[in-house]
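Here is the structure we will look at, set down as structure tokens.
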Amino acid sequence: MISRSPAENYIKYMLLHPEEYSDLQIQQRLDQEGLDFIGLSYFQRLRENIPPPPETFLPFSREHLPSVRYLRAQKLQLAFQADKAMRNAVVVLRTPRAKEFLETMLIAGATDLIILSGISNYGAPPGFDGTAIARYKHYFLNLALVSATELRALIDLRSEACLRSIDPVVRSQASAIKRASYHDPRRLAVAAPGSPVAAIVAQLQMGRSVPATDRQKLASRVLDVLLLRAAECAETNGMMMAENIGSIMSAVESTIRCLEKIGSPTETMLGQLEKIRLQSENKPISSLRVISGGRHTMELIAVPKTTEPEEK
């Protein structure tokens, strides 16, 4: 059972809102905004666990100290008294492509730098920064509240949100949305271990060209994963162990050859610098005698090897 929603703080905001949203209204809002609804009983559980607000509750006022202290204690102040970063996070929430990109990168474990380098291409507002990312994570996608297994299930359940609609036309979209969801980059990101490599692969799934990467580090990562897979096969000792290890080790050999061909970036840079040095220097080129220290021959034809006759 999924016990918590990554959008728990946003749900708390709606539960405490002066307009007193009903459970159905909260559910519909979560579905419309593509956030994670896990059941009406969850709303009731949150209501029971949230401490009661002050008798006079003015959540939108920055001057009413009892309300401000209460919201700060519940870590909900910025939901009611939004700063620029919070407003930018809400814009991304309501911009489908930007939302998809941000959530994919967060699930893949991408750094803020990687996120900020690409999210502007998907409609994020100007000034969207690391603070806005933190706001989004706190209110709309708090991954600390769910396990990896629960997150996989939640991503899968998002495609079924239209089945809860009272509109038959919306419900009829269910099968098409389900088929399309198999290509959702968030599904790929949640299935892969969180790492910069996973973030790059997820971006490719979204059709975004990514900047050049350190090929040696990438090949080294592949080699590490392959060796771990080989060790895993050896530990399980299954029926196909030998064949599986053989296939993996073939890939290991190919990866090692690739690493040797790529070479070290440092070596490549030194070679380029040496080439520039030779082209820019005005000194005369040293003669062969100077380079070899006199230890050379003028013979240009390879000396054939002689084989002695075998003794009978």
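None of ALA153, ALA124 is assigned by TED's automatic domain parsing to the domain that holds ASP31, aliphatic (A, V, I, L, M) and either surrounded by fewer than 17 Cβ atoms within 10 Å (Cβ to Cβ) or in a helix (DSSP H, G or I) (or both) except ALA153. If you go through the range 4-44 and pick out every residue that is closer than 16 Å to PHE140 by Cα, assigned to a loop (DSSP other than H, G, I, E, B) and among the hydroxyl-bearing types (Ser, Thr, Tyr), you end up with 1.
Of all the residues in the range 178-193, those that are loosely packed, with under 15 Cβ neighbours inside 10 Å and either at pLDDT 90 or above or assigned to a helix (DSSP H, G or I) (or both) number 4.
Is the range 48-63 home to any residue that is of a type outside the set (S, T, N, Q), closer than 30 Å to THR104 by Cβ and touching a helix residue (DSSP H, G or I) at 6+ places or on another chain (Cβ under 7 Å)? No, the range 48-63 has no match at all. Residue pairs whose Cβ atoms lie under 6 Å apart, sitting 6 or more positions apart in sequence or on different chains, and linking a residue in the range 248-261 that is on the phi > 0 side of the Ramachandran plot and assigned by TED's automatic domain parsing to the domain that holds LEU227 to a partner that is buried (at least 16 other Cβ atoms within 10 Å of the Cβ) and outside any helix (DSSP H, G or I), do not occur here. If the condition is being modelled with pLDDT under 90 and either of a type in the set (Val, Ile, Thr) or within 13 Å of ALA89 (Cα to Cα) (or both), then the range 113-127 contributes only ILE114. Note on the range 58-105: residues that are assigned to a loop (DSSP other than H, G, I, E, B) and within 30 Å of ALA191 (Cα to Cα) total 2.
Picking from residues in the range 1-55 that are without any contact (Cβ under 8 Å) to a residue 24 or more places away in the chain and of a type in the set (Asp, Glu), the one that is farthest from LYS75 (Cα to Cα) is ASP23. When you look at ALA161, is it of a type in the set (A, V, I, L, M, F, W, C) and in contact with an Asp or Glu (Cβ under 6 Å, 6 or more places away or on another chain), yes or no? Yes.
The values are calculated or read from the model by the stated rules, or taken from the named source; none is laboratory data. In this text, all values refer to a predicted model and were calculated from it rather than measured experimentally. Note that each Cβ is placed from the backbone with ideal geometry, even for glycine, and that neighbours are counted across all protein chains shown.
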